[in-house]
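Worksheet: one structure, shown below.
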Amino acid sequence: MARVSFERFAEMLDQAVNRIPPHFLRDLTGGFNVQNGKKRDGGYYIMGEYVYGDYLGCFIVFYYGSFVELLRNEPVEVWETEIMDTVLHELQHHLEDRAGRDDLARKELEELAEALRQGR
């Protein structure tokens with residue numbers, strides 16, 4: 001399977017985001033952004049990231065290069081699923097931030113701790 005181009009990735013991301021009802025996007029002042037590069041944290045690729053701050057506001061970044069590294073030989077349907085899953089994951093960070101919660105962050109730390117215990 002050929003790699004999904006950056007342009008096609010951006011289109012697929014737009015399609016996924018357009019399916020989200022607007023009230024879930026409230027206060028996401030910087031919207032959704034795509035970077036061509038990849039991002040890693042240790043041995044893990046970062047697919048997307050919720051960013052918030054006093055000066056820049058709130059926005060979500062997707063790292064095309066990380067998707068390429070993990071999905072390069074996968075069919076388009078797998079890319080579409082992973083894109084939607086990542087949109088929903090990052091949007092959950094946004095909604096929890098607005099609500100003063102951090103349930104997802106706690107869950108991610110538990111998953112990381114388990115992976116480290118298992119030597120992954």
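Bear in mind that the values in this text are calculations on the coordinates, not laboratory data. On a predicted model such as this, the values are computed, not experimentally measured, just so you know.
Side notes on the structure shown:
- Value at 222 nm in deg cm²/dmol, rounded to 500, when DSSP H runs of n ≥ 4 in the chain each add -39,500 (n - 2.57): -16500 deg cm²/dmol
- Of all DSSP beta bridges in the stretch 6-117, antiparallel share, percent nearest 5: 65 percent
- Using C-alpha pairs below 8 Å separated by at least 6 residues, the relative contact order for the stretch 6-117 is 25 percent.
- Long-range amide H partners of V34 with built H, under 5 Å: F62
- Across the stretch 17-28, computed HN-Hα scalar couplings (Karplus, 6.51 cos²θ - 1.76 cosθ + 1.60, θ = phi - 60°) run 5, 5, 7, 7, x, x, 5, 6, 9, 4, 6, 8 Hz from first to last residue, x flagging Gly and Pro.
- Coordinate range along principal axes, alpha carbons of the stretch 70-111, Å, largest first: 38, 21, 10
- All C-alpha pair distances within the chain, sorted into 10 Å bins from zero, spread as 12, 41, 35, 11, 0 percent across the bins.
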